[in-house]
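Provided herewith is a single structure, encoded as structure tokens, for subsequent inquiry.
Taken together, the values in this text are just the output of simple stated rules run on the coordinates, not laboratory data. Treat the numbers as computed from the prediction; the structure is a model and nothing was measured. So basically every Cβ, Gly included, is an ideal-geometry build from the backbone, and we count neighbours across all protein chains shown.
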Amino acid sequence: MLQARRAATRGVELRVYAVAVAANALGGFLYHGTTWYGSRWVHDLAILAVLGFIAAFGVARSLERPTAWMMRAYALVLAASGVFLAAAPVSAYGLFGIVGAGAVGSELIEYRHELPALRREGITARRAARIGVAVALLLGATAFWVGRGGAPLCNPDSAFQWHAVWHVLSAFGMALFAYGAIEPHPAATEPRGAR
């Protein structure tokens, strides 16, 4: 019964994460494809929705908190980010850095918890996916910075856009995170010490 309940809550988390990821598609479309005045807010908040989810999910795992606690923490991060972005839109990159650092930190803590199991069991498909997240986002961030407006490789007239590479690699990283960290699987239904 407990295992079924844990798998069910992991399914809830996966659905909430899927909505956050989908919001990025909407935000990207609005920001890059329209002139609507609220498009930047939606775009930036959607990015923070994914980063905030990863941070809250990681903290909840590390503290062994239930899904309800994780969702409250996530809602708080998202609401605070939305208000802050509305009040100071130019603060987006600073917020990306702060919430992103929380996401990376929570993942590093989770990797540290996984080390004993990694030594025993080796690299499983899900662990490889978690490593793939880091690789995809590192390459994506590189593409973002070399292709951003004013950067030496930025060429708005080119058919090849580094910013598009960033979007593709980010999407790939988000999918790998869903598979490697969130998607219900047998390891998610066992106590941490059993993994």
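Quick one: which residue in VAL146, VAL135, VAL99 is touching a Pro at 6+ places or on another chain (Cβ under 8 Å) and in a helix (DSSP H, G or I)?
Answer to the check: VAL146.
Residue-wise test of (1) closer than 22 Å to VAL50 by Cβ; (2) not β-branched (Val, Ile, Thr).
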residue: VAL99; (1), (2): yes, no
residue: VAL104; (1), (2): yes, no
residue: THR124; (1), (2): no, no
residue: GLY140; (1), (2): yes, yes
residue: TRP145; (1), (2): yes, yes
residue: ALA151; (1), (2): no, yes
residue: VAL168; (1), (2): yes, no
residue: GLY173; (1), (2): yes, yes
residue: LEU176; (1), (2): yes, yes
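Suppose we keep only residues that are surrounded by fewer than 17 Cβ atoms within 10 Å (Cβ to Cβ) and either touching a strand residue (DSSP E or B) at 6+ places or on another chain (Cβ under 6 Å) or among the hydrophobic types (A, V, I, L, M, F, W, C) (or both) within the range 159-177. Which one would you say is farthest from ARG127 (Cα to Cα)?
Filtering the range 159-177 for residues that are surrounded by fewer than 17 Cβ atoms within 10 Å (Cβ to Cβ) and either touching a strand residue (DSSP E or B) at 6+ places or on another chain (Cβ under 6 Å) or among the hydrophobic types (A, V, I, L, M, F, W, C) (or both), the one farthest from ARG127 (Cα to Cα) comes out as ALA159.
Sticking with this structure for a sec: Please go through the range 165-184 and give me each residue that is farther than 17 Å from ALA23 by Cα and assigned to a helix (DSSP H, G or I), ordered by number.
Answer for the range 165-184, where residues must be farther than 17 Å from ALA23 by Cα and assigned to a helix (DSSP H, G or I): VAL165, LEU176, TYR179, GLY180, ALA181, ILE182.
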